[in-house]
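One structure is given here, and the rest of the page talks about it.
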Amino acid sequence: MESHTRIISFSWKRILFALTTFLVTTEVNILILSSNVQAEGYIHHLDFILEEKNYTRLCATKSMLVVNGMFPGPTIRVRRGDTVFVNAINKGTFGVTLHWHGVLQPRNPWSDGPEYITQCAIKPGANFTYEINFSVEEGTVWWHAHSDWTRATVHGAIVVYPPEGTPYPYPQPDAEEVMILGSWFKGDVRAMVEEDLVEGVDLPTSDAYTINGQPGDFYPCSNGSTYRWHVDYGKTYLLKIVNAAMNAELFLGIAGHNLTIVGMDGSYVKPFVTRYIMISPGRTIDALLTANQTLGQYYIIARQFISAVITYELYDFTNVSAILQYNGDYTPPEKPEFVTLPNYYNINAAMDFTGRIRSLADEAHPIDVPMNITTKMYITASLNQFLEPGDTFRMSSSMNNISWNNAKLDILTAYYRNISGVYTTDFPDEPPYFFDFTGILPGYDMVDADTGTRVKVLNYGEEVEIVFQGTNVFNSSVQHPMHLHGYDFYVVGAGRGNYDFDNDPKTYNLVDPPHLNTMSSPKSGWVAIRFRANNPGTWLLHCHLDRHFSWGMNTVLIVLNGPTKETSLREPPSNMPTCKPTLELKGTAEDKLFEG
């Protein structure tokens, strides 16, 4: 199958690595052959062609935007220290951007990708080359579109191996498997979202979930295409799981088999054995599976973990399935063995799983938890409403009662060019009102949010602690998977109820806290994270439930330059996509930014 990969040059060692990777995996991936060497690693060049293609699922056919003719999109395979240049060629009918989720992009937010935050959309018929630098990541991260809800069909995995000569911190697996969980909508999801946003109503619910693009046996017109993972008895596999679903935290298990969790979000964790996982949108999990059961076929099942009140929101209650199938001579069973998962509402099962995550924290993988906190933020995450003319209400969401409003120019350009009138620097460190955030009858003042393009500015080197507090406004408390671009963070604490400023810090784990880029604040609860602000630029902080993101649950952290060139923002590439804003900007220099 054509991968649309430009092969620049080659070395036999890299060819052997790429061919080995290709042979031990069954899913389609990008085969990278390159020996353009830099001090830190290899340089790779790829083409990502975005264009419409017809797909048939659930008895119906529709056209949707995909990359290189694939759904999910191609897997990128690199080593830590490598750099990848991805030329994104937009042959679609609308603007799009790409984000490299979990990749820190040191000093290079120009290639981070979120629309109106670090760039404007790549217009139809145009292209833009992203530079992705794999500096500290090892394990699984991923890439996806970051404009509107385009990531529903535009996404793929990134596998980052250790540097050459460096082993895994666990037994070497015999092979690996990438498993991407997604959402399927029968209709044009972008059109549905646009219509619902205009009307101010709830946003679309998926019609199915998918595993590697297929809904599985329990959906109409689907059992003939159920994804099958073929394994050999006695071998151990490294399973790389990505939750690319739009709005669903998911339970997943494999009948008859345990999983040993060894990594999350491109970092290693202390191994632990489990019968199921709970994975939030945006998160990745690396797990070892040993094929040690009777030769046969075993269901892989995923379904939503629902943390909100069911009377408030609608959900996709379906079960997506794939099949783990042993190779060999045996009589296939009439039906694969089924797996028992926690029920849809089992918050204790969800919190039990996330509560077991710890950083590996060994000599080869030390941790560095910030201990001298200079900036503390307490951020409430709420659903809200707007009262519009005619006494009509529109759904919204907020952080600290501020519902984000995109400007018509990206924040990064405005910051770098010192253009006024695009954003303000007054995002608050705490909510405007304190009340019983998780109570049954919250204060009315938190129901109606303010709108704005308000950012938080951090000095280089600051040590930051953020406590995310869930609220029960509208009796709609729900887990919020919070994702910070440009950074990994240490999850030092979490709990139910309202955060206790005096006592809860005493319970923090400062020894081996998980090192992640996406973490859910518990339903009617809180989660505390810490990080060091040492990556200059403008970085998006948002809930990775796209319905909440579309309604405004996000803000931007601007990290100022450090004292040296090596601690300062890089200059922008010459071919950044441009915008044509409707806001008034003074001066001809600014006007030139929007030409084209």
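With the condition being aromatic (Phe, Trp, Tyr), I'd like the strands (runs of 3 or more DSSP E) fully within the stretch 331-431 carrying at least 2 qualifying residues.
It comes to 375-388.
Evaluate the following for Asn127: is it more than 19 Å from the chain's Cα centre (by Cα), surrounded by 22 or more Cβ atoms within 10 Å (Cβ to Cβ), more than 19 Å from Lys240 (Cβ to Cβ) and of a type in the set (S, T, N, Q)?
Answer is no for this residue.
Go through the stretch 151-165 residue by residue and tally those that are in contact (Cβ under 8 Å) with a residue 60 or more places away in the chain and in a loop (DSSP other than H, G, I, E, B).
Of the residues in that region, 5 qualify.
Among Pro169, Pro162, which is the only one that is open to solvent by 30 Å² or more (accessible area, probe 1.4 Å), modelled with pLDDT of 95 or more and not acidic (Asp, Glu)?
None of the others qualify; the one that does is Pro169.
From Leu324, Leu314, Leu252, which residue is touching a Ser or Thr at 6+ places or on another chain (Cβ under 6 Å), assigned by the TED database to the domain that holds Asn346 and either at pLDDT 95 or above or not in a strand (DSSP E or B) (or both)?
Sole residue among the options that is touching a Ser or Thr at 6+ places or on another chain (Cβ under 6 Å), assigned by the TED database to the domain that holds Asn346 and either at pLDDT 95 or above or not in a strand (DSSP E or B) (or both): Leu314.
Return only the number of the condition from (1) surrounded by fewer than 14 Cβ atoms within 10 Å (Cβ to Cβ); (2) hydrophobic (A, V, I, L, M, F, W, C); (3) closer than 30 Å to Thr425 by Cβ that Met399 does not satisfy.
In the conditions (1) surrounded by fewer than 14 Cβ atoms within 10 Å (Cβ to Cβ); (2) hydrophobic (A, V, I, L, M, F, W, C); (3) closer than 30 Å to Thr425 by Cβ, Met399 misses (1) alone.
Scan the stretch 207-231 for residues that are touching a residue at least 60 places away in the same chain (Cβ under 8 Å) and either in contact with a Gly (Cβ under 9 Å, 6 or more places away or on another chain) or not assigned by the TED database to the domain that holds Ala287 (or both) and report the count.
Matching residues across the stretch 207-231 total 10.
Would it be correct to say that Leu510 is in contact (Cβ under 8 Å) with a residue 12 or more places away in the chain, farther than 27 Å from Ala248 by Cα and open to solvent by less than 70 Å² (accessible area, probe 1.4 Å)?
yes
Restricting the search to the stretch 366-385, which residues are out of contact with any Asp or Glu (no Cβ under 7 Å at 6 or more places or on another chain) and surrounded by 14 or more Cβ atoms within 10 Å (Cβ to Cβ)?
Those that are out of contact with any Asp or Glu (no Cβ under 7 Å at 6 or more places or on another chain) and surrounded by 14 or more Cβ atoms within 10 Å (Cβ to Cβ): Val369, Ile379, Thr380, Ala381, Ser382, Leu383.
If a residue has to be surrounded by fewer than 23 Cβ atoms within 10 Å (Cβ to Cβ) and of a type in the set (Val, Ile, Thr) to count, how many in the stretch 88-121 make the cut?
Matching residues across the stretch 88-121 total 2.
Pairs, please: C-beta under 6 Å, at least 6 apart or cross-chain, first residue more than 30 Å from Phe474 (Cβ to Cβ) and not assigned by the TED database to the domain that holds Asn472 and in the stretch 412-439, second in a loop (DSSP other than H, G, I, E, B) and at pLDDT below 95?
No pair meets every condition.
Filter the stretch 245-295 down to residues that are out of contact with any helix residue (DSSP H, G or I) (no Cβ under 8 Å at 6 or more places or on another chain), among the polar types (S, T, N, Q) and open to solvent by 10 Å² or more (accessible area, probe 1.4 Å), then give me how many there are.
Residues flagged as out of contact with any helix residue (DSSP H, G or I) (no Cβ under 8 Å at 6 or more places or on another chain), among the polar types (S, T, N, Q) and open to solvent by 10 Å² or more (accessible area, probe 1.4 Å) within the stretch 245-295 amount to 7.
Report, by residue number, each residue of the stretch 515-532 that is open to solvent by less than 10 Å² (accessible area, probe 1.4 Å), in a strand (DSSP E or B) and farther than 15 Å from His548 by Cβ.
Selection gives Leu516, Gly525, Trp526, Val527, Ala528, Ile529, Phe531.
Mind checking which pairs have a first residue in the stretch 341-359 that is within 15 Å of Ile285 (Cβ to Cβ) and a second that is of a type in the set (Phe, Trp, Tyr) and buried (at least 19 other Cβ atoms within 10 Å of the Cβ), Cβ under 9 Å, 6 or more apart or different chains?
Filtered contacts from the stretch 341-359: Ala350/Phe251; Ala350/Phe305; Phe353/Phe251; Phe353/Tyr276; Ser359/Tyr268; Ser359/Tyr490.
Here is a list: Thr294, Thr260. Which entry is assigned to a loop (DSSP other than H, G, I, E, B), among the hydroxyl-bearing types (Ser, Thr, Tyr) and over 23 Å from Met553 (Cβ atoms)?
It is Thr294.
Only one of these conditions is not met by Gly200: (1) under 22 Å from Ala302 (Cβ atoms); (2) open to solvent by less than 20 Å² (accessible area, probe 1.4 Å). Which number is it?
Just one mismatch for Gly200, condition (1).
The values are calculated or read from the model by the stated rules, or taken from the named source; none is laboratory data. Note that this is a predicted model, so its numbers are computed, not measured. Virtual Cβ from ideal backbone geometry, glycine too; neighbours counted across all protein chains shown. The protein model used for the area step is the full one, side chains on, heavy atoms only, and it has no ligands, DNA or RNA in it. Shrake-Rupley method; radii C 1.70, N 1.55, O 1.52, S 1.80 Å.
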